[in-house]
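Enquirer: Would you mind keeping the following structure in view while I ask a few things?
The values are calculated or read from the model by the stated rules, or taken from the named source; none is laboratory data. It should be emphasised that the depicted structure is a prediction, and the values quoted were computed from it without experimental measurement. Virtual Cβ from ideal backbone geometry, glycine too; neighbours counted across all protein chains shown.
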Amino acid sequence: MYVPENLPDLLQYLDSHQIGVHLIANGTDMINRIQRRQVNPKVLVDLTGLSEFRYVRKDAGVIRIGALTTISDLIASSIIDSRYEVFREVARKFGGPSIINMATVGGNICSASSSEDLMPVLLVLDAEVRLRSIHGERTMKVEDFVKGKRTTQLKPNEIVVETMFREIGPEGSCSFDKVGMRNSLIIAFVNSAVYLQLARDMRVAEVRIALNRVSGKIPQRAQMTERKLKGSKLSKQSLADAALTLRNELRLTSDFRVSEEYRTEVACAIFKRTLSRCIQRLVGEQVLV
Amino acid sequence: MSKHLLKFNVNGKDHALVVQSHERLLDVLRDRLGLKGTKEGCSTGDCGICGVLMDGRLVNSCLIFAIQARNKKIVTIEGIGTPEKLHPIQRAFVKWNASQCGYCIPAMILAAKDLLDRIPEPTTDEIRRATSGIICRCTGYLKIFEAVKTAAAQMKDDRQ
């Protein structure tokens with residue numbers, strides 16, 4: 001284990017030791033993954049000393065979350081007000097207190113498996129990640145950052161320092177839900193987040209939908225369904241049509257947790273649930289579903 | 001396998017010991033410091049039995065490398081009260097017979113401490129949520145919730 005004292009030391013170290021190095025924040029799944037022999041890191045690098053990356057800030061209409069911010073820190077932040085209820089929805093289903101006190105936003109982004117509950121939310125908020133190495137910084141969409149299961153665009157000499165997204169305006173709302181074997185502290189069969197923006201006439205001005213699985217084993221946007229909904233006037237019918245499009249769009253697979261058929265049913269159901277919750281937050285009543 | 005000097009504070013006492021990279025906080029507390037009140041359950045972060053407070057917040061000591069506790073304040077069940085002078089949360093657990101086999105109780109009491117230090121008068125829902133990561137296989141949850149309520153009331157009286 002390498003325990004850097006400060007950021008310059010860390011970036012220097014990463015630049016000169018690029019093989020077999022695993023970065024961990026609070027490492028909620030690292031001991032498990034080592035014991036199950038899923039990883040065999042030569043060196044673990046403990047990032048928890050870099051407290052400068054533990055913050056939630058708002059500047060010029062952009063919310064910035066430091067990579068070492070825990071899920072508990074996030075929902076306790078005064079910036080994460082009722083418009084960001086979606087993060088409390090994530091926290092409730094994410095895990096028990098002892099997990100959300102440890103798990104970090106950066107860790108959730110970098111784990112890049114299909115089960116990370118924060119990822120669909122960051123996808124629908126069109127969030128970006130900021131990466132830093134000794135040579136400088138770069139920024140990319142969260143969507144582009146995750147390449148595949150457990151693989152990201154992170155180079156061996158880089159760390160994720162921040163994720164950021166535009167503030168949700170009064171015309172927008174966002175919701176998250178998840179179904180697993182139990183209510184919390186469980187790997188999801190399906191999780192889903194929806195961001196919705198409505199025009200005055202109840203037409204969909206903007207909609208973004210993400211699920212932990214769409215066609216592969218990573219969180220993705222359901223773009224066909226988004227196109228179907230965008231510009232349409234919300235009604236029971238348009239919602240049912242959208243759910244049907246989603247059903248056709250999904251290329252889910254069976255695994256040891258659950259079958260493809262069940263996963264598809266649940267995905268469509270929680271998509272409708274999260275979308276109607278967004279509508280409810282915007283127009284203040286239970287209109288559909 | 002690298003070695004590190006771990007300096008941390010456990011139950012109000014400063015410690016400095018040499019730990020190996022792979023050692024878990026749970027093992028250092030139990031085997032090196034002899035604090036057997038912290039129990040091992042599933043060892044995978046699912047049951048919450050190994051809960052301790054790190055800088056006041058409940059964490060699973062089976063998931064944390066010992067060296068990650070450097071410069072932190074750890075509180076285990078031994079730091080909550082003594083047999084002669086029980087903490088109000090412990091007295092409330094006794095009053096309600098909230099402990100059956102007792103294995104999950106250290107973590108339950110620490111979870112209650114984390115909650116009551118932040119939210120002195122929690123709702124039942126907040127109590128349920130605060131203890132939700134800890135599994136009691138005797139399934140005696142209701143008395144645990146009652147005990148936390150009683151402790152909250154007692155601690156409020158004590159403050160006044």
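Enquirer: Hey, among B:I80, B:I119, which residue is more than 13 Å from the chain's Cα centre (by Cα) and surrounded by fewer than 24 Cβ atoms within 10 Å (Cβ to Cβ)?
Expert: B:I119
Enquirer: Does A:V258 satisfy being outside the structural domain of A:K141 (by TED's automatic domain parsing) and touching a Phe, Trp or Tyr at 6+ places or on another chain (Cβ under 8 Å)?
Expert: yes
Enquirer: Out of all the residues in the range A:23-43, is one or more closer than 30 Å to A:T274 by Cα, surrounded by fewer than 21 Cβ atoms within 10 Å (Cβ to Cβ) and in contact with a Phe, Trp or Tyr (Cβ under 8 Å, 6 or more places away or on another chain)?
Expert: No, the range A:23-43 contains no residue that is closer than 30 Å to A:T274 by Cα, surrounded by fewer than 21 Cβ atoms within 10 Å (Cβ to Cβ) and in contact with a Phe, Trp or Tyr (Cβ under 8 Å, 6 or more places away or on another chain).
Enquirer: Checking the condition within 14 Å of another protein chain (Cβ to nearest Cβ) and in contact (Cβ under 8 Å) with a residue 12 or more places away in the chain, which residue from A:L118, A:L131, A:L74 passes?
Expert: When all the criteria are applied, what remains is A:L74.
Enquirer: Which of the following residues is in contact with a strand residue (DSSP E or B) (Cβ under 6 Å, 6 or more places away or on another chain) and modelled with pLDDT of 95 or more: A:V56, A:V90, A:V43?
Expert: A:V56
Enquirer: Restricting to the range B:14-43, count the residues that are part of a loop (DSSP other than H, G, I, E, B) and farther than 26 Å from A:P4 by Cβ.
Expert: 11
Enquirer: Name the residue that is farthest from the other protein chains (Cβ to nearest Cβ), counting only residues in the range B:55-65 that are surrounded by 24 or more Cβ atoms within 10 Å (Cβ to Cβ) and touching a strand residue (DSSP E or B) at 6+ places or on another chain (Cβ under 7 Å).
Expert: Looking at residues that are surrounded by 24 or more Cβ atoms within 10 Å (Cβ to Cβ) and touching a strand residue (DSSP E or B) at 6+ places or on another chain (Cβ under 7 Å), I get B:S61.
Enquirer: Kindly indicate whether any position in the range A:2-19 is among the aromatic types (F, W, Y), more than 14 Å from chain B (Cβ to nearest Cβ) and in contact with a helix residue (DSSP H, G or I) (Cβ under 8 Å, 6 or more places away or on another chain).
Expert: Checking the range A:2-19: not a single residue is among the aromatic types (F, W, Y), more than 14 Å from chain B (Cβ to nearest Cβ) and in contact with a helix residue (DSSP H, G or I) (Cβ under 8 Å, 6 or more places away or on another chain).
Enquirer: Let me ask something else about it. If you scan the range B:44-77, which residues turn out to be closer than 15 Å to B:G133 by Cβ and either among the polar types (S, T, N, Q) or outside any loop (DSSP other than H, G, I, E, B) (or both)?
Expert: If the condition is that a residue be closer than 15 Å to B:G133 by Cβ and either among the polar types (S, T, N, Q) or outside any loop (DSSP other than H, G, I, E, B) (or both), then B:T44, B:G51, B:V52, B:L53, B:M54, B:R57, B:L58, B:V59, B:N60, B:S61 are the ones that fit.
Enquirer: Next question, about the same structure. Being within 13 Å of another protein chain (Cβ to nearest Cβ) and touching a Leu at 6+ places or on another chain (Cβ under 9 Å) is the filter; apply it to the range A:50-71 and report the residue that is nearest to A:Y13 (Cα to Cα).
Expert: Once the filter is applied, the top-ranked residue is A:L50.
Enquirer: Let me ask something else about it. Condition first: free of Cβ contacts under 8 Å to residues at least 60 places away in the same chain and among the charged types (D, E, K, R). Now tell me which residues in the range A:191-209 satisfy that.
Expert: Across the range A:191-209, the qualifying residues are A:R200, A:D201, A:R203, A:E206.
Enquirer: Does A:T139 fit the bill of being surrounded by fewer than 18 Cβ atoms within 10 Å (Cβ to Cβ), of a type in the set (S, T, Y) and in contact (Cβ under 8 Å) with a residue 24 or more places away in the chain?
Expert: No.
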